[in-house]
Amino acid sequence: MKKVLLAVGLGLLCHAALAAVDDMHWFKTELTCADARLTVRAFCQETYHAGATVQFNSLCSRQSLVIERPGQRAVVRDLLERQSRQGEPPLLLSSLQCVAARGNIYLSGQMGNGGNCPGCERSVLLGLDGRWKRDGPRWLVGAQEKRMIVAQQGRWNDSEQVFITNTTPASACTVPTEVRCGADDESTKSSRSNR
């Protein structure tokens, strides 16, 4: 009987320790592009990757991009809305560049899930209006705009690339039109309330 109680007690301690590690929190990365202020927000589990040069949280259930421009309403884009692989870890935005093509400003990014497979990463392109222009090999613009963008892509190598690590703590309810803040973020409010 004592062994059973000891085993149950150890099991509860281990479960409590795992729960502390598995807590989900909001994280953000901020950058500017032309006159826009960009914020990438992600709801992730804190993770540690041994031996990694750059630490990042890859276990995220949500990721969004907020684009704020002077005199305009903020645009909120769900970055996971175009996911098609059910049961697979979601592709998260891992880097972003502010690039130009004939006077138009775009956001060029890389999405991935850390896997080593053909569908584990892809390039994306969005406009400053939040609209998808390219998602992997699929272009979502007309032929003329596509030709203009492709002609300018070689010049984008010099643009600053910002890595999205999902490691800077964010307050739980700072995104315009964010829904379900209170219900999903109780652990965030208690553990990260003043960050």
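What follows draws every value from the coordinates through simple rules; no lab data is involved. A quick note: this is a predicted structure, and the numbers were derived from the prediction, not measured. Here Cβ is always computed from backbone atoms with ideal geometry, including for glycine, and neighbour counts include all displayed protein chains.
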Order of 39-47, 112-120 by packing, highest average Cβ count within 10 Å first? 39-47, 112-120
Quick one: what are the phi-derived ³J(HN,Hα) couplings along region 114-123, Karplus 6.51/-1.76/1.60 with θ = phi - 60°, whole Hz, x for glycine and proline? x, x, 10, 8, x, x, 8, 7, 7, 8
ASN113's amide H: which non-local residues (gap 5+, or another chain) put their own amide H closer than 5 Å, with H modeled 1.01 Å from N in plane and none for Pro or chain starts? LEU92
Give me Rg/Rg_expected for region 108-155, where Rg uses Cα atoms only and Rg_expected = 2.2 N^0.38 Å with N residues. 1.24
Tabulate in residue order the Karplus-calculated ³J(HN,Hα) for region 66-72, using 6.51 cos²θ - 1.76 cosθ + 1.60 with θ = phi - 60°, rounded to whole Hz; enter x for Gly and Pro. 10, 10, 10, 10, x, x, 10
Note: probe point = Cα of CYS120 + 7 Å toward Cβ; backbone nitrogen < 19 Å; residues of region 54-91 passing the test are 54-61, 83-91
